[in-house]
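Notes to accompany the following structure.
The values are calculated or read from the model by the stated rules, or taken from the named source; none is laboratory data. Note that this is a predicted model, so its numbers are computed, not measured. Counting neighbours? That spans all protein chains shown, and the Cβs are built from the backbone with ideal geometry, glycine included. Heavy atoms of the whole protein, side chains included, go into the accessibility calculation; ligands, DNA and RNA do not. Shrake-Rupley method; radii C 1.70, N 1.55, O 1.52, S 1.80 Å.
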Amino acid sequence: MTTAARYIPSSTDIARLAKSGARHKYDYGHAVIVSGPPGQGGAARLAARGALRVGAGLVSVLCGADSVAEHAARLDAIMVKPFAGGEDIGRQLAGLNPSALCIGPNLGLTARAGDLLDATLSLPHPVCLDADAITLIAEREAPYAGPFPAQTIMTPHAGELRRLIPHRFDTTTNRETLARMAAERWGCVILFKGVETIIAHPDGRCLTVASTAFAHAAWLATAGSGDVLAGIITGLLARGCDAMEAGALGATLHLLCAAECGPGLIAEDLPEALPAVLRHLLSEPDDGPAPR
Ligand SMILES: NC(=O)C1=CN([C@@H]2O[C@H](COP(=O)(O)OP(=O)(O)OC[C@H]3O[C@@H](n4cnc5c(N)ncnc54)[C@H](OP(=O)(O)O)[C@@H]3O)[C@@H](O)[C@H]2O)[C@@H](O)CC1
Ligand SMILES: Nc1ncnc2c1ncn2[C@@H]1O[C@H](COP(=O)(O)OP(=O)(O)O)[C@@H](O)[C@H]1O
């Protein structure tokens with residue numbers, strides 16, 4: 001059964017991306033990206049850059065003390081927040097006053113990674129669960145029992161989706177059905193990545209974003225592009241979008257970035273394409289060319 005609606009951002013969706021008037025950075029939310037261990041922080045930085053470029057007012061990378069030098073050497077506008085040793089991780093996360101959290105990009109699958117994931121999920125804040133967070137949720141000895149925070153979005157690729165619904169994965173090849181099954185099983189929004197991105201809500205709502213409508217989308221098949229998507233979605237959550245909106249709008253912006261970059265794009269290019277993409281989307285008709 002395929003009943004999902006094709007998502008095309010409305011003028012209201014696009015207007016949410018604007019910044020205007022007398023609002024200050026805290027009005028646009030604080031996105032917190034939880035980093036993996038030393039030497040593996042690139043994926044968290046890619047996500048952080050996506051969150052900042054999509055307009056979150058503040059972005060922090062939360063990391064172990066042993067990763068501060070690595071992150072500080074590579075980040076300027078993005079804040080680096082080390083865990084204080086010994087103190088409860090959930091309390092430290094809450095103390096950052098996040099508007100939304102992202103965990104998973106190159107987090108690792110260790111016991112420490114599991115502790116970070118548990119601490120993140122102990123908070124009520126909107127959260128984007130990507131990459132290793134998805135694998136941990138599905139495959140830890142005691143799989144996460146839930147429920148997830150109200151605005152939770154998981155962003156699996158096909159390999160990760162298989163881990164989320166191992167017994168049902170082979171019962172159909174219909175990607176929409178698979179996304180709906182995973183949303184129902186886990187009780188959160190599932191954004192199933194691929195040539196067609198499916199965004200399924202456990203209440204039955206389902207949207208699709210087809211990459212075939214966007215030039216150069218196949219160049220998204222490059223390491224780290226999914227990490228950037230997770231960051232864009234987290235930035236949108238921090239700005240106040242709900243999980244469904246953040247997924248659909250985030251996937252669309254990600255594809256527009258690919259179209260803007262064109263052949264040869266690498267993941268680092270995607271956040272840097274957001275200013276041009278946003279300028280086109282937010283421009284009045286007379287201001288210049290509209291996006292394809
Ligand atoms: N710059 C950085 O720091 C980067 C860090 N990264 C980090 O690396 C970590 C591992 O992430 P990962 O996705 O590479 O590996 P993993 O979870 O083992 O799954 C891969 C297996 O799943 C399968 N598979 C099926 N369909 C698939 C599909 N559409 N897309 C992809 N895979 C698909 C496929 O198996 P196959 O179908 O080929 O049998 C494949 O063997 C993670 O933390 C991530 O954040 C990366 O983001 C890169 C940039
Ligand atoms: N051939 C393709 N056409 C369109 N989009 C693609 C294609 N290949 C990958 N993508 C997109 O690129 C991103 C890849 O994410 P992911 O597999 O998590 O990569 P990584 O783990 O390296 O960040 C997803 O958003 C996916 O939809």
Exercise for review: Assess whether Ala100 counts as being touching a Gly at 6+ places or on another chain (Cβ under 7 Å) and either away from ligand 1 (no atom under 14 Å from the Cβ) or among the polar types (S, T, N, Q) (or both).
Suggested key: yes
Practice item. Examine region 140-153 for a residue that is modelled with pLDDT of 95 or more, within 16 Å of ligand 1 (Cβ to nearest atom) and among the charged types (D, E, K, R), and state whether such a residue exists. Key: no
Exercise for review: Evaluate the following for Val209: is it open to solvent by less than 10 Å² (accessible area, probe 1.4 Å), within 11 Å of ligand 2 (Cβ to nearest atom) and touching a Ser or Thr at 6+ places or on another chain (Cβ under 7 Å)?
Suggested key: yes
**Study point:** Which listed residue is over 29 Å from Ser20 (Cα atoms), in contact with a helix residue (DSSP H, G or I) (Cβ under 6 Å, 6 or more places away or on another chain) and buried (at least 22 other Cβ atoms within 10 Å of the Cβ), from Leu237, Leu220, Leu229
**Key:** Leu220
Review point. Just a yes or no: is a residue in region 264-283 within 25 Å of Ile134 (Cα to Cα), in contact (Cβ under 8 Å) with a residue 40 or more places away in the chain and in contact with a strand residue (DSSP E or B) (Cβ under 8 Å, 6 or more places away or on another chain)?
Key: no
Check your understanding: If Ala215 satisfies every condition in (1) out of contact with any helix residue (DSSP H, G or I) (no Cβ under 6 Å at 6 or more places or on another chain); (2) at pLDDT 95 or above but one, which is the exception?
Key -> (1)
Point to revise | Pairs where the first residue, in region 95-108, is under 10 Å from Ala31 (Cα atoms) and the second is at pLDDT 95 or above and within 16 Å of ligand 2 (Cβ to nearest atom), C-beta under 6 Å, 6+ apart | key: Ala100/Thr234; Cys102/Ile33; Cys102/Ala47; Cys102/Cys128; Cys102/Ala230; Cys102/Thr234
Review point. Across region 208-257, what is the total count of residues that are in contact (Cβ under 8 Å) with a residue 60 or more places away in the chain and of a type in the set (Ser, Thr, Tyr)?
Key: 3
